[in-house]
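The values are calculated or read from the model by the stated rules, or taken from the named source; none is laboratory data. Keep in mind it's a predicted model, so treat the numbers as computed, not measured. Methodologically, a virtual Cβ is constructed for each residue, glycine included, from the backbone with ideal geometry; neighbour enumeration extends over all protein chains shown.
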């Protein structure tokens with residue numbers, strides 16, 4: 001198989017789909033790898049390293065898309081990239097389709113087989129290809145909150161951990177999944193006054209066993225959440241419904257009652273955001289203000305630490321990339337139900353129920369489409 005790696009073109013996105021080491025693993029197993037020139041140079045993966053790994057270098061993205069059997073990326077394909085996809089091509093990347101109608105329409109129109117990192121599952125029901133970026137984003141969210149609380153950033157002028165004789169900032173973390181727990185680790189290290197909300201009491205029990213009275217845990221009921229958000233100096237939105245649009249747990253009314261200079265960091269923005277006032281921002285212009293509250297809603301937060309993120313992501317994705325290349329997408333998905341769960345679009349059909357519900361579209365289950373392919377093989 002010819003595996004293509006285009007350079008990411010989203011604002012301040014320096015991650016790359018395959019490291020030179022990952023490319024070498026594909027080459028050693030008999031595949032060709034075509035990497036767009038300078039795809040990884042911003043994070044120290046120069047073209048020479050890919051050449052040493054056995055990959056070829058393409059002059060531009062058009063060459064990559066026109067020749068590759070499978071495209072491996074990091075972020076969702078932008079409009080210009082979607083226009084280059086072919087019906088016989090496999091796309092393996094983050095998609096986050098639920099809040100993104102134009103992307104969904106373009107991928108359906110392309111006819112390509114599009115497998116989303118964020119909906120691949122494992123035996124424990126977790127999302128193993130989302131986890132590494134969730135870990136990075138969770139840790140970065142607290143760095144972002146600390147920075148945005150500075151007065152020069154229109155924040156309240158608070159140090160998260162305070163100093164002796166001065167109380168620390170009040171931090172509320174909504175959601176105690178991978179993002180929330182990694183945000184929590186950073187907040188504890190910085191000495192903040194922390195309250196974590198989740199709807200799963202077993203998760204809250206687990207946090208209590210680990211952190212004891214260093215963290216306050218609360219069930220995520222509306223009244224308790226409203227009171228805590230209004231009183232908070234910084235709120236981290238770490239809510240995830242796999243494949244679906246994020247629920248709007250913090251309303252405009254709640255935000256209007258927050259302190260001037262308080263900070264909202266919406267890590268759920270890739271799925272539409274969990275604050276009612278959220279809108280996607282970029283690393284170039286990361287914040288905006290509503291009702292004197294600073295909103296940080298960067299849609300590719302891990303891109304700011306692109307080398308760390310690329311290495312962490314490749315640790316998780318490489319086994320799946322090898323499986324797809326070695327067996328072809330349909331055989332790989334037939335043998336791995338968790339990889340099949342990653343299928344979002346194929347042959348002009350939407351195969352993800354959560355996206356269909358978010359956009360009021362018809363869909364065919366991935367299992368049904370796979371069964372049709374198996375019948376065609378027999379015939």
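Being crowded, with 18+ Cβ neighbours inside 10 Å and farther than 12 Å from residue 97 by Cα is the filter here; which residues of the stretch 350-363 pass it?
Passing the criteria: only 363.
Can you tell me which of 92, 65 is over 16 Å from the mean Cα position of the chain (by Cα) and surrounded by 16 or more Cβ atoms within 10 Å (Cβ to Cβ)? Full working, then the answer.
Details: 92 fails: over 16 Å from the mean Cα position of the chain (by Cα).
Result: 65 is the single residue among 92, 65 that is over 16 Å from the mean Cα position of the chain (by Cα) and surrounded by 16 or more Cβ atoms within 10 Å (Cβ to Cβ).
Name the residue, out of 108, 115, that is buried (at least 24 other Cβ atoms within 10 Å of the Cβ), closer than 23 Å to residue 364 by Cα and either out of contact with any strand residue (DSSP E or B) (no Cβ under 7 Å at 6 or more places or on another chain) or not assigned by TED's automatic domain parsing to the domain that holds residue 243 (or both). Even if it seems obvious, please write down each step before you answer.
Working: 108 fails: buried (at least 24 other Cβ atoms within 10 Å of the Cβ).
Step by step, each of 108, 115 is checked, and only 115 is buried (at least 24 other Cβ atoms within 10 Å of the Cβ), closer than 23 Å to residue 364 by Cα and either out of contact with any strand residue (DSSP E or B) (no Cβ under 7 Å at 6 or more places or on another chain) or not assigned by TED's automatic domain parsing to the domain that holds residue 243 (or both).
Suppose the filter is in the same structural domain as residue 10 (by TED's automatic domain parsing), touching a strand residue (DSSP E or B) at 6+ places or on another chain (Cβ under 7 Å), part of a helix (DSSP H, G or I) and at pLDDT 95 or above; does residue 324 pass it? Let's see the steps before the verdict.
Numbers: in the same structural domain as residue 10 (by TED's automatic domain parsing): yes; touching a strand residue (DSSP E or B) at 6+ places or on another chain (Cβ under 7 Å): yes; part of a helix (DSSP H, G or I): yes; at pLDDT 95 or above: yes.
Yes; evaluated as a whole, the condition is true for this residue.
Out of the residues in the stretch 132-191 that are within 21 Å of the chain's Cα centre (by Cα) and in a loop (DSSP other than H, G, I, E, B), which is surrounded by the fewest Cβ atoms within 10 Å (Cβ to Cβ)?
Here the residue is 177.
Results for (1) assigned by TED's automatic domain parsing to the domain that holds residue 291; (2) farther than 29 Å from residue 275 by Cα, shown as yes or no for each residue.
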position	(1), (2)
85	no, yes
100	no, no
120	no, no
157	yes, no
167	yes, no
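Can you tell me which residue within the stretch 1-22, out of those that are part of a helix (DSSP H, G or I) and in contact (Cβ under 8 Å) with a residue 40 or more places away in the chain, is surrounded by the fewest Cβ atoms within 10 Å (Cβ to Cβ)?
Residues of the stretch 1-22 part of a helix (DSSP H, G or I): 20-22.
Next cut, in contact (Cβ under 8 Å) with a residue 40 or more places away in the chain only: 21-22.
Numbers: 21: 13, 22: 26.
Within the stretch 1-22, the match that is surrounded by the fewest Cβ atoms within 10 Å (Cβ to Cβ) is 21.
What is the residue count in the stretch 233-250 for residues that are outside any loop (DSSP other than H, G, I, E, B), closer than 12 Å to residue 278 by Cβ and more than 14 Å from the chain's Cα centre (by Cα)? Before you say what the answer is, go through the steps one by one.
As a first pass, look at the stretch 233-250 and keep what is outside any loop (DSSP other than H, G, I, E, B): 234-237, 250.
Cutting the leftovers down to closer than 12 Å to residue 278 by Cβ gives us 235, 237, 250.
Still in the running and more than 14 Å from the chain's Cα centre (by Cα): 235, 250.
Number of matching residues: 2.
Residue under question is residue 25, and the condition is that it be assigned to a helix (DSSP H, G or I) and within 17 Å of residue 326 (Cα to Cα); does it hold?
Values: assigned to a helix (DSSP H, G or I): yes; within 17 Å of residue 326 (Cα to Cα): yes.
For residue 25, the condition - assigned to a helix (DSSP H, G or I) and within 17 Å of residue 326 (Cα to Cα) - is met.
Before we move on, is residue 304 modelled with pLDDT under 95, in a helix (DSSP H, G or I) and either surrounded by fewer than 24 Cβ atoms within 10 Å (Cβ to Cβ) or not assigned by TED's automatic domain parsing to the domain that holds residue 175 (or both)?
On the way: modelled with pLDDT under 95: yes; in a helix (DSSP H, G or I): yes; either surrounded by fewer than 24 Cβ atoms within 10 Å (Cβ to Cβ) or not assigned by TED's automatic domain parsing to the domain that holds residue 175 (or both): yes.
In short, yes.
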